[in-house]
1. Would you be so kind as to identify which of HIS46, SER34, SER5 lies farthest towards the positive end of the dipole of the chain, taking Lys and Arg as +1 and Asp and Glu as -1 on Cβ and the Cα centre as origin?
2. Once the piece of chain linking GLU19 and THR60 is laid out straight, how much longer is it, given 0.36 nm per residue of separation minus the C-alpha distance between them?
3. Which of the GluC sites (Glu not before Pro) found in the stretch 1-52 are in a DSSP loop and have at most 16 neighbouring Cβ atoms, other than their own, within 10 Å?
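We did not get these values from a lab; they are worked out from the coordinates using the rules stated. These figures come from a predicted structure and were not determined experimentally. Cβ atoms come from the backbone with ideal geometry, glycine included; neighbour counts cover every protein chain shown.
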Amino acid sequence: MPKVSIIDRNIEFNTDEAESILDAAIDNGVEIESDCGGNAVCGLCHIYVEQGGEFLSEMTSDEEDMLYDLDNRRENSRLACQAHAYGDVKITIPPA
């Protein structure tokens, strides 16, 4: 089972490949902000993938469009509601 580590919070949890990082976080009692119910329209669940990006699902065009509009996006930016982990990943959550 893939493991997600949130480096800046010193938190780790397991995820199932069928669920997004956001859903796995919620299932494990970890709060990642989101207002859109995981539909890639609010951008609040923006994360930086520090390690293991090769183990994430491909970015959808909706996710890419939402990230394009974020001022603090980076090359390693993803939306937790859209990214599914197929191997261990390490992420950080940008300050609001």
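1. Looking along the dipole axis, the top candidate is SER5.
2. Numbers: separation 41, 0.36 × 41 = 14.76 nm, distance 1.53 nm.
Residue separation times 0.36 nm, minus the Cα-Cα distance, leaves 13.2 nm.
3. Passing sites in the stretch 1-52 are GLU17, GLU19, GLU31, GLU33.
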